[in-house]
Amino acid sequence: MAAGKGASSTPTELLVSLGRNQSTKTLLKVIILALIAAAAVASRLFSVIRFESIIHEFDPWFNFRATKYLVANGFYQFWDWFDDRTWHPLGRVTGGTLYPGLMVTSGVIYHLLRFLTVPVDIRNICVLLAPAFSGLTAYAAYLLTNEMTTSSSAGLLAAAFMGITPGYISRSVAGSYDNEAIAIFLLVFTFFLWIKALKLGSVLWGALCALFYGYMVASWGGYAFITCLVPLHAFVLICMGRFSMRLYVAYTTWYALGTLASMQIPFVGFLPVRTSEHMPALGIFGFLQLVAFLEYVRSAIPSRQFQTFLYVGLGGIFGVGLLGLVGLTAGGYIAPWSGRFYSLWDTGYAKIHIPIIASVSEHQPTAWPAFFFDLNMLIWLFPAGVYMCFQRLEDEHVFIIVYALFGSYFAGVMVRLMLTLTPVVCVAAAIAASQLLDAYLQYKSPEIVESKEEESADGTPKKASKQGSLRSTSQPVVGIYNVLSKAFIAGAMTLFLLIFVQHCTWVTSNAYSSPSVVLASRMPDGSQHIIDDYREAYQWLRQNTKEDAKIMSWWDYGYQIGGMADRPTLVDNNTWNNTHIATVGKAMSSREEVAYPIMRQHEVDYVLVVFGGLLGYSGDDINKFLWMVRIAEGIWPDEVKERDFFTPRGEYKVDAEASETMKNSLMYKMSYHNYASLFPPGQAQDRVRGARLPDQSPILNSLEEAYTSENWIIRIYKVKDLDNVGRDHAAAASFERGHKKKKAIKKRGPRVLRVE
Amino acid sequence: MSQALANNRLDSDTQFYRIRLPSPLPSKGQQTLGISFYYLNALKPLPASIEQADKQYLVYSFSAYCPSAYPTLKQKTEVKLPSSDAPEYTKIAGNGETKEFPVKQGSKLTYGPFPEVSAGASSPVKVRYEFNKPVTHVSQLERDIEVSHWGGNVAFEERYTLLHYGANLSSQFSRVKWAQSQYFSPQTFALKEMKFILGAGSKDAYFTDVIGNVSTSRFRVSKREAVLELKPRYPVFGGWKYPFTVGWNADSNNYLKKADGKFLLNIPLIEGPKQAEGVEYEQVDVRVILPEGAENVKFYTTAPESSITSHSVDLVRTYLDTVGRTVLTIKAQNLVDELRDRELLVSYEYSTAAALRKPVVIFTSTMAVFVSMWLLSKLNVSFSTK
């Protein structure tokens, strides 16, 4: 990165100093930024090279399906899309309950490329959207950092960090076609525009900021982070006594236009004036008007008493406003904070009240090593960078400090919010690293001549030492004289940077590049073996079942079934209806006699379970089973009880010692049905839970096995129709197996001798 | 030379063809004709649904007499079955020494010889025989051949809609039984593997379906040929469907020749899977995508003329095209495995000017973008000029 500062050796210096210095620098910067963008894209392509161009995981499958719908049916159809193939029988108003930014972006790119007669498959656009935007994010980070410091190397460093840091790569590898793919770029770019608007007090930049804020709202639910951070920044500035017309202009422009823009999204609608998450922005908007008014009055009437009175009045109005807010909330006009927000303050909240939020692994609190894993050396450069911001403390530095504070807190509470922390870490770390490098990579030793004092070190504020008389305000001469120490520090930094690159590559390659639809394993000879059970089963469903066969599965697989198998599902990853999910949970965790009527009522044709026992695949349904039980228990506490699924000693077991409720549950039966017959007697083993299973497999009466994938990961069961002669399924199945019908003689009472 | 008669109706049981003899047959003269034809959808499984491990039996209904519009003096029908296990066949009254037809010899059934039979007579018979192999039916095959002169490449892509017309499963598919049968007795009526034998020098083969790459394929290349071995994602049983796509690239030198200003492309009409039990194709659409600006397209094929239903030459616009590429579309129907090696010869003219069109267009448009960007950067759009 040091190359970004331009050449410094004497022969080239002559060449460069011919007034072309600036353009050479610009050219170098453009080349470096292009290289950074290329590196950012390239490092995200592991999964495409190793596997194929495929959509990853769960949510991206829905986004992909929605994009295909958009491309096929046009924007207005998409906007009004009612999807009857999910949440059967309710359906989902998909067009009004999604963030359309991502799909529209891909759609626009698709049509643009077609216009340029490059007909790229929509799947490839979706797969490569996230890497492409990561290049833009790197550029946005460069712009944002350049607003913080005069050293241009900081911006380039920030861009490089942003490009390859695993914290961001985790959500933007090729195929990870999720809202975050474009949202992080929008987040950073909106912040850049906000800083620019604030610095210049410009309506134009404020309006641009609002525009990109609107785009952000259209793209990701995480827009609330901007909605809260910008007002907070403004509030902190006011509290620091830094109110200015620049702030007033920037904020009011952003708020007025941005809120209007955000209300255009059907899913957001009137939320900006009706929910608590958006109230800080509105409150600060009002507060700024007051402060501006008071500033005006103060300039007109210079009276001390009046001022104090005004400040009391100001406090009063603020208090009344707050009370009004509380009152409106209590009255139900303004929705209180949502559950997901509460769980940001109390990490145990979700587990007790909303198990469905807690059941998602990315909503769990972050483990400490994750910070180092995702950010590596940036995490220790980060505080140093924040400290540098304190040293200068212009308005924009306050923003970094506020962002750093809140970003760190949120990242600590929820794993997925590591994503929002990453940009500020990159910016702050780049400021710190560039400060170090700028000081130590100076080839010339500083001269001790008084007259050269002003230009001694890079990055010192221009204000310093305007007048020789004010010695206390001038900066001391900072510089390194010893070549050895320069070489040492520069070498150490280079080493750290190299290790950082190494770490990022390693993490990306090993942790974040698995499509999770396709599993890879190694054969004994070291060659790659691909386990493709998911797609095998989904393809089977797609080709060999009725077009409208309803599939019941746990909600995790809803989007995949919709996307790959193209069949209607009962519940999916949208999780908008907790009761419906609980119904599925109840069917899975109840006895067959209870589950069958539920399935009949919901017209279920097939039931799909994920079972990893044969392969040792730990993300299977039996391991998720307790969440199903908990979510069902939340709605039917009398019928489903979590305690019943544990052994008397409180263990969660699947072998012969499993509790009766467990053994009779539909999920258990479906997972282990016929499994023991795969092994010699007494050898049946569940490789995930390390349990030896009983020889007798559970007996299923109301379902029949329809398909099991090669490695048994996906098992599909067909729900039997009602019996032709009106028997219940247990009796019918028992008859099929050749048992005689138990004679119900006993119930008639003892025989009595006829006396007649 | 045979030719389908215009008044044939596709839904009719009988189709008439006119055969022109090489030379007029004099009175009392003799001429030997060998006529071969194929039936599609002629086999029905019986029982229609069986257990996974059971053997599949098929029924073939036909007439013991050869269909003919002329009186036949002497004839004999031989039925060669894939195995000697033919538990049921229609027996008809014999003639001469044999009391009863057919005469069974190993896997061969012989009806006849019969005495004189009048024109259009038929004697319906049925044969039920063991056929423990898939009954593979391709209801639609779309085959694209894209010729690139700049790349020196011929790209093939084939999209199959494959169905199994054999016996259905009487109970649901059982993975345990399947795994066991794979181990003990691998012979099954389910389709579990296909082998494509491609021309020498084929490369970059792929096998995908609607949800992406199918990882269970193998591509072997040797000097003489390239073999693409595919396993469907799941074993295809009777009544099941498996649509898929295969594609590969090949060096154009193997297929394209230049002769006196004309280009001659010689490719197989179909290159479907080579299965021992055979494959039938109901509808085949072959599209030969020639370079942009190719003119005067003519084609000739060694496949039976009667199977080609229509052909057309259109334009299609894809990657960086300005006028569009010339496309020859040939629609054929009712093809069978045996026609795999039949050639399709396409001749066309392609001038150097047409070949240079694309680079020139790209170069000028890129230059135009640069120049307009440069002009835009010279434009001053700010409000104040101070």
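The values are calculated or read from the model by the stated rules, or taken from the named source; none is laboratory data. Since we're looking at a predicted model, the values are computed, not measured. We place every Cβ from the backbone using ideal geometry, glycine too, and count neighbours over all the protein chains shown. Quick note on the areas: whole protein, heavy atoms, side chains included, nothing else; ligands and nucleic acids left out. Shrake-Rupley method; radii C 1.70, N 1.55, O 1.52, S 1.80 Å.
Could you say whether any residue in region A:320-337 is under 20 Å from the mean Cα position of the chain (by Cα) and open to solvent by 50 Å² or more (accessible area, probe 1.4 Å)?
Step one: of region A:320-337, the residues under 20 Å from the mean Cα position of the chain (by Cα) are A:337.
From the residues that got through so far, the ones that are open to solvent by 50 Å² or more (accessible area, probe 1.4 Å) too are A:337.
Taking every residue of region A:320-337 in turn, at least one turns out to be under 20 Å from the mean Cα position of the chain (by Cα) and open to solvent by 50 Å² or more (accessible area, probe 1.4 Å).
If I go through region B:234-251 residue by residue, how many of them are part of a strand (DSSP E or B) and more than 8 Å from every other protein chain (Cβ to nearest Cβ)? Before you say what the answer is, go through the steps one by one.
Keep residues of region B:234-251 that are part of a strand (DSSP E or B), which gives B:236, B:238, B:241-251.
Remaining after also requiring more than 8 Å from every other protein chain (Cβ to nearest Cβ): B:236, B:238, B:244-251.
Total satisfying the criteria: 10.
Being within 14 Å of chain B (Cβ to nearest Cβ) and among the basic types (Lys, Arg) is the filter here, so list the residues in region A:677-730 that pass it.
Once the filter is applied, which keeps residues that are within 14 Å of chain B (Cβ to nearest Cβ) and among the basic types (Lys, Arg), region A:677-730 yields A:Arg715, A:Lys718, A:Lys720.
Quick one: is A:Gly650 part of a loop (DSSP other than H, G, I, E, B), open to solvent by less than 40 Å² (accessible area, probe 1.4 Å) and assigned by TED's automatic domain parsing to the domain that holds A:Val571?
On the way: part of a loop (DSSP other than H, G, I, E, B): yes; open to solvent by less than 40 Å² (accessible area, probe 1.4 Å): no; assigned by TED's automatic domain parsing to the domain that holds A:Val571: yes.
In short, no.
All but one of (1) without any contact (Cβ under 8 Å) to a residue 24 or more places away in the chain; (2) more than 14 Å from chain A (Cβ to nearest Cβ); (3) of a type in the set (Gly, Ala, Ser) hold for B:Ala179, so report the exception by its number.
(2)
Just give me the residues in region B:135-165 being open to solvent by less than 10 Å² (accessible area, probe 1.4 Å) and within 14 Å of another protein chain (Cβ to nearest Cβ), in sequence order.
Selection gives B:Tyr160, B:Leu162, B:His164.
Pick from A:Arg692, A:Arg727, A:Arg751: which is open to solvent by 100 Å² or more (accessible area, probe 1.4 Å) and modelled with pLDDT under 85?
Values: A:Arg692 fails: modelled with pLDDT under 85; A:Arg727 fails: open to solvent by 100 Å² or more (accessible area, probe 1.4 Å).
The conditions single out A:Arg751.
So which residues in region B:219-233 are within 21 Å of the chain's Cα centre (by Cα) and within 14 Å of chain A (Cβ to nearest Cβ), if there are any at all? Before you say what the answer is, go through the steps one by one.
Going residue by residue through region B:219-233, those that are within 21 Å of the chain's Cα centre (by Cα) are B:219, B:225-232.
B:Leu230, B:Lys231, B:Pro232 - these are the residues of region B:219-233 that are within 21 Å of the chain's Cα centre (by Cα) and within 14 Å of chain A (Cβ to nearest Cβ).
If the Cβ limit is 6 Å and pairs must be 6+ apart or interchain, which residue in region A:694-720 that is in the same structural domain as A:Arg535 (by TED's automatic domain parsing) and within 13 Å of A:Tyr668 (Cα to Cα) pairs with which residue that is part of a loop (DSSP other than H, G, I, E, B) and open to solvent by less than 10 Å² (accessible area, probe 1.4 Å)?
What qualifies is A:Ser697/A:Tyr675; A:Arg715/A:Phe611.
To keep it simple, each residue is scored yes or no on (1) over 15 Å from A:Trp540 (Cα atoms); (2) out of contact with any Asp or Glu (no Cβ under 7 Å at 6 or more places or on another chain).
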{"position": "B:Ala167", "(1), (2)": "yes, yes"}
{"position": "B:Ser202", "(1), (2)": "yes, yes"}
{"position": "B:Ser215", "(1), (2)": "yes, no"}
{"position": "B:Tyr234", "(1), (2)": "no, no"}
{"position": "B:Lys241", "(1), (2)": "no, yes"}
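Residue check, B:Leu290 against (1) farther than 26 Å from B:Leu356 by Cα; (2) more than 14 Å from chain A (Cβ to nearest Cβ); (3) touching a Phe, Trp or Tyr at 6+ places or on another chain (Cβ under 7 Å), all met but one. Which one?
(1)
In region A:112-151, which residues are under 21 Å from A:Val501 (Cα atoms), open to solvent by 30 Å² or more (accessible area, probe 1.4 Å) and of a type outside the set (A, V, I, L, M, F, W, C)?
Step one: of region A:112-151, the residues under 21 Å from A:Val501 (Cα atoms) are A:130-142, A:145.
Applying the additional criterion that residues be open to solvent by 30 Å² or more (accessible area, probe 1.4 Å) yields A:132, A:136, A:139.
A:Tyr139, the sole residue that qualifies.
If you check A:Tyr617 against the conditions, is it aromatic (Phe, Trp, Tyr), away from chain B (no Cβ under 14 Å) and touching a strand residue (DSSP E or B) at 6+ places or on another chain (Cβ under 9 Å)? Reasoning before the result, please.
Details: aromatic (Phe, Trp, Tyr): yes; away from chain B (no Cβ under 14 Å): yes; touching a strand residue (DSSP E or B) at 6+ places or on another chain (Cβ under 9 Å): yes.
The answer is yes for A:Tyr617.
Scan (1) more than 21 Å from A:Gln543 (Cβ to Cβ); (2) more than 14 Å from chain A (Cβ to nearest Cβ) for the single condition B:Phe189 breaks and write down its number.
Of (1) more than 21 Å from A:Gln543 (Cβ to Cβ); (2) more than 14 Å from chain A (Cβ to nearest Cβ), only one is false for B:Phe189: (1).
Are any of the residues in region B:90-111 hydroxyl-bearing (Ser, Thr, Tyr), under 26 Å from B:Ala190 (Cβ atoms) and surrounded by 14 or more Cβ atoms within 10 Å (Cβ to Cβ)? Walk me through it before giving the result.
At the first step, the residues of region B:90-111 found to be hydroxyl-bearing (Ser, Thr, Tyr) are B:90, B:98, B:107, B:110-111.
After this cut, where a residue has to be under 26 Å from B:Ala190 (Cβ atoms) as well, the list is B:107.
Checking which are surrounded by 14 or more Cβ atoms within 10 Å (Cβ to Cβ) leaves us with B:107.
Yes, that holds for at least one residue.
I need the full set of residues from region B:265-291 which are acidic (Asp, Glu) and either within 16 Å of B:Val346 (Cβ to Cβ) or under 9 Å from the mean Cα position of the chain (by Cα) (or both), in order please. Break it down stepwise before answering.
Going through region B:265-291, the residues acidic (Asp, Glu) turn out to be B:271, B:277, B:280, B:282, B:285.
Listed by number, the residues that qualify are B:Glu271, B:Glu280, B:Glu282, B:Asp285.
I'd like the residue in region B:288-325 that is of a type in the set (Ser, Thr, Tyr) and under 30 Å from A:Leu113 (Cβ atoms) and, out of all such residues, is surrounded by the fewest Cβ atoms within 10 Å (Cβ to Cβ).
B:Ser312
Output the residues belonging to region B:256-274 that are touching a Leu at 6+ places or on another chain (Cβ under 8 Å), open to solvent by 10 Å² or more (accessible area, probe 1.4 Å) and under 24 Å from B:Lys358 (Cα atoms).
Listed by number, the residues that qualify are B:Leu256, B:Lys257, B:Lys258, B:Phe263, B:Leu264.
Need the failing condition index for B:Glu277 against (1) within 30 Å of B:Ser148 (Cα to Cα); (2) among the acidic types (Asp, Glu); (3) surrounded by fewer than 20 Cβ atoms within 10 Å (Cβ to Cβ), just the number.
That leaves (1) as the condition not met.
Restricting attention to region A:488-547, and to residues there that are in a strand (DSSP E or B) and more than 10 Å from every other protein chain (Cβ to nearest Cβ), which single residue is surrounded by the fewest Cβ atoms within 10 Å (Cβ to Cβ)? First the steps, then the outcome.
Going residue by residue through region A:488-547, those that are in a strand (DSSP E or B) are A:519-522, A:528-531.
After this cut, where a residue has to be more than 10 Å from every other protein chain (Cβ to nearest Cβ) as well, the list is A:519, A:521-522.
Numbers: A:Leu519: 19, A:Ser521: 11, A:Arg522: 9.
For region A:488-547, the residue satisfying everything is A:Arg522.
Would you check which residues across region B:127-154 are closer than 30 Å to B:Ala53 by Cβ and either within 18 Å of the chain's Cα centre (by Cα) or of a type in the set (Gly, Ala, Ser) (or both) and list them? Give the steps one after another, and end with the answer.
Looking only at region B:127-154, we keep the residues that are closer than 30 Å to B:Ala53 by Cβ, and these are B:127-139.
Within region B:127-154, B:Pro134, B:Val135, B:Thr136, B:His137, B:Val138, B:Ser139 qualify.
Counting only residues that are hydrophobic (A, V, I, L, M, F, W, C) and open to solvent by less than 10 Å² (accessible area, probe 1.4 Å), which one in region A:48-60 is farthest from the chain's Cα centre (by Cα)? Before you say what the answer is, go through the steps one by one.
Looking only at region A:48-60, we keep the residues that are hydrophobic (A, V, I, L, M, F, W, C), and these are A:48-49, A:51, A:54-55, A:58.
Filter once more, keeping what is open to solvent by less than 10 Å² (accessible area, probe 1.4 Å): A:54-55.
Values: A:Ile54: 19, A:Ile55: 16 Å.
The extreme case among them is A:Ile54.
Output yes when any residue across region B:197-212 is touching a Lys or Arg at 6+ places or on another chain (Cβ under 7 Å) and away from chain A (no Cβ under 11 Å), and no when none is.
yes
Which fully enclosed helices (runs of 4 or more DSSP H) of region A:36-120 have 1 or more residues being within 14 Å of chain B (Cβ to nearest Cβ) and over 22 Å from A:Asn574 (Cα atoms)?
Details: elements: A:46-50, A:59-73, A:75-79, A:101-115.
Counting at least 1 such residues, we get A:46-50, A:101-115.
Scanning region B:66-84 for residues that are over 27 Å from the mean Cα position of the chain (by Cα) and open to solvent by less than 50 Å² (accessible area, probe 1.4 Å), which turns out nearest to B:Gly120 (Cα to Cα)?
Within region B:66-84, the match that is nearest to B:Gly120 (Cα to Cα) is B:Ser68.
With the structure loaded, tell me whether A:Thr569 is of a type in the set (Val, Ile, Thr), at pLDDT 90 or above, out of contact with any Asp or Glu (no Cβ under 7 Å at 6 or more places or on another chain) and open to solvent by 10 Å² or more (accessible area, probe 1.4 Å) or whether it fails that test. Lay out the reasoning, then the answer.
Details: of a type in the set (Val, Ile, Thr): yes; at pLDDT 90 or above: yes; out of contact with any Asp or Glu (no Cβ under 7 Å at 6 or more places or on another chain): yes; open to solvent by 10 Å² or more (accessible area, probe 1.4 Å): no.
Answer is no for this residue.
Given (1) open to solvent by 40 Å² or more (accessible area, probe 1.4 Å); (2) under 30 Å from B:Ala276 (Cβ atoms); (3) among the charged types (D, E, K, R); (4) at pLDDT below 85, identify the lone condition not met by B:Lys386.
Here B:Lys386 clears every test but (2).
Is there a residue being part of a helix (DSSP H, G or I), open to solvent by less than 60 Å² (accessible area, probe 1.4 Å) and not aromatic (Phe, Trp, Tyr) anywhere in region B:326-337?
Filtering region B:326-337 down to residues part of a helix (DSSP H, G or I) leaves B:337.
With the extra rule that they be open to solvent by less than 60 Å² (accessible area, probe 1.4 Å), the set shrinks to B:337.
Keeping just the survivors that are not aromatic (Phe, Trp, Tyr) gives B:337.
Scanning region B:326-337, I find at least one residue that is part of a helix (DSSP H, G or I), open to solvent by less than 60 Å² (accessible area, probe 1.4 Å) and not aromatic (Phe, Trp, Tyr), so the answer is yes.
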